[in-house]
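For reference, the structure is listed below as structure tokens.
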Amino acid sequence: MRRVFLANNTNELWDMLRQYPEAAIYAGGTDLLVRMRKGICDPSALICLERMDCLKGVREEGDQIFIGACTSHTALLADPIVQRSFPVLAAAISRLGSPHIRNMGTIGGNIVTASPAGDTLPPLYILGAAVEIMSMDKTRRLSLADFIRGPGHTDLKPGEILAGVWIKKDQPYNIFSLEKVGQRKALAISIASLAALLRVSGEGIIEEARLAWGSVGPTVTVSKEAESFLAGKRPEPGALGEAARIAMDAVSPIDDVRASKSYRRLVSGNLVLRLGASVDGNSPQPAWLPPAD
Ligand SMILES: Cc1cc2nc3c(=O)[nH]c(=O)nc-3n(C[C@H](O)[C@H](O)[C@H](O)COP(=O)(O)OP(=O)(O)OC[C@H]3O[C@@H](n4cnc5c(N)ncnc54)[C@H](O)[C@@H]3O)c2cc1C
């Protein structure tokens with residue numbers, strides 16, 4: 001029989017981890033319990049973080065916002081700081097799973113699962129998020145990009161948990177865009193997604209662009225080349241078309257049950273074409289890129 005422990009605070013958690021170092025940690029269980037049911041993993045014991053209020057909530061500290069790892073997606077969507085400061089993150093969360101999954105699932109669980117299709121990851125990348133990792137005797141911080149090592153792999157060491165995420169409060173962008181393409185509109189794992197933040201001048205010139213694609217590589221894909229190419233340009237069909245072609249070279253998708261790699265590559269480019277509409281709803285939509293085969 002498998003034992004399940006419910007930690008109420010960090011002291012209890014460290015005691016449990018000392019006694020059961022092989023135990024698997026979970027928060028909402030929407031990833032871990034599914035993997036256990038599928039027989040992908042079979043931990044000897046479970047430690048649940050759901051009652052640890054110290055790992056929940058959103059708070060401001062100086063010029064940073066801290067989001068506790070065990071904050072549910074539903075709580076994040078309702079949070080005024082998240083709505084105001086990080087609409088690109090809120091938009092991604094609003095498309096994650098279903099209301100039930102958002103009620104149970106947490107931002108920390110989404111990050112530690114490190115799925116190429118994890119919906120919070122592209123927005124967190126372009127927001128420059130850093131993770132806070134806690135163990136019995138120390139706390140450390142590193143960028144999300146360094147934390148995610150590959151599909152399902154993070155820098156988390158035995159005895160460590162994710163405490164939360166830090167994001168700079170005042171982001172210098174005035175336009176965001178979040179696109180998620182799946183097999184359905186709701187309750188669908190993404191086939192390709194694009195999170196974008198743009199700083200656009202009063203004259204309509206892109207001064208700075210941050211772009212991150214999900215589900216089209218082993219981890220989140222970023223393209224410094226596409227970002228630099230767009231800087232100084234108007235979000236018009238010619239420039240967006242060229243940025244889309246750069247993006248298609250940058251991604252490294254795979255074939256799986258949801259889509260082929262060539263479709264994913266094409267969609268990654270086409271999502272860039274939509275950025276014009278985010279800047280100016282009346283701007284002409286460039287023609288979709290032709291499929292390669
Ligand atoms: C039907 C369904 C639909 C889904 N749809 C989507 C979707 O559209 N988009 C999407 O991105 N995901 C989706 N998911 C996946 C999942 O719901 C999310 O990834 C969710 O955010 C996971 O959070 P959780 O708290 O439930 O994670 P858990 O299952 O509790 O944990 C997941 C992993 O993270 C680890 N972990 C959790 N919290 C911590 C912590 N604080 N410190 C250290 N390790 C921790 C656990 O050990 C485990 O390995 C879906 C899942 C289901 C079942």
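The values are calculated or read from the model by the stated rules, or taken from the named source; none is laboratory data. Quick caveat, the model's predicted, so the values are computed rather than measured. Neighbour counts run over all protein chains shown; Cβ positions are idealised from the backbone, glycine included.
For the range 128-153, what are the residues that are farther than 13 Å from GLY164 by Cβ and either assigned to a helix (DSSP H, G or I) or free of Cβ contacts under 8 Å to residues at least 12 places away in the same chain (or both)?
Within the range 128-153, ASP137, LYS138, ALA145, ASP146 qualify.
Exactly one condition in (1) more than 11 Å from the ligand (Cβ to nearest atom); (2) surrounded by 22 or more Cβ atoms within 10 Å (Cβ to Cβ); (3) within 21 Å of ARG258 (Cβ to Cβ); (4) not aromatic (Phe, Trp, Tyr) is false for ILE67; which is it?
Of the numbered conditions (1) more than 11 Å from the ligand (Cβ to nearest atom); (2) surrounded by 22 or more Cβ atoms within 10 Å (Cβ to Cβ); (3) within 21 Å of ARG258 (Cβ to Cβ); (4) not aromatic (Phe, Trp, Tyr), the odd one out for ILE67 is (3).
Of the residues ILE111, ILE161, which is more than 13 Å from the chain's Cα centre (by Cα) and at pLDDT 95 or above?
Every option except ILE161 fails the conditions.
How do the pairs read when you match residues in the range 59-88 that are under 25 Å from CYS48 (Cα atoms) with residues anywhere that are exposed (fewer than 13 other Cβ atoms within 10 Å of the Cβ), using Cβ under 7 Å and keeping only pairs 6 or more apart or on different chains?
Short answer, once both residue conditions are applied: PHE66/ARG59.
Which condition from (1) farther than 15 Å from PRO87 by Cβ; (2) away from the ligand (no atom under 15 Å from the Cβ); (3) free of Cβ contacts under 8 Å to residues at least 40 places away in the same chain is the one that LEU211 breaks?
(3)
Report every pair of residues separated by at least 6 positions or lying on different chains whose Cβ atoms are under 6 Å apart, first residue within the range 184-197 and outside the structural domain of SER98 (by TED's automatic domain parsing), second among the acidic types (Asp, Glu).
Qualifying pairs under 6 Å: LEU194/GLU179.
From the list TYR20, TYR26, pick out the single residue that is away from the ligand (no atom under 13 Å from the Cβ), in the same structural domain as THR154 (by TED's automatic domain parsing) and more than 25 Å from SER193 (Cα to Cα).
It is TYR20.
If you check LEU76, LEU89, which single one turns out to be modelled with pLDDT of 95 or more, farther than 16 Å from ILE126 by Cα, more than 7 Å from the ligand (Cβ to nearest atom) and not β-branched (Val, Ile, Thr)?
Every option except LEU76 fails the conditions.
Only one of these conditions is not met by PRO151: (1) closer than 18 Å to TRP213 by Cα; (2) at pLDDT below 95. Which number is it?
Result: PRO151 passes all but (2).
All but one of (1) outside any loop (DSSP other than H, G, I, E, B); (2) hydrophobic (A, V, I, L, M, F, W, C); (3) within 7 Å of the ligand (Cβ to nearest atom); (4) buried (at least 20 other Cβ atoms within 10 Å of the Cβ) hold for LEU96; which doesn't?
Condition not satisfied by LEU96: (1).
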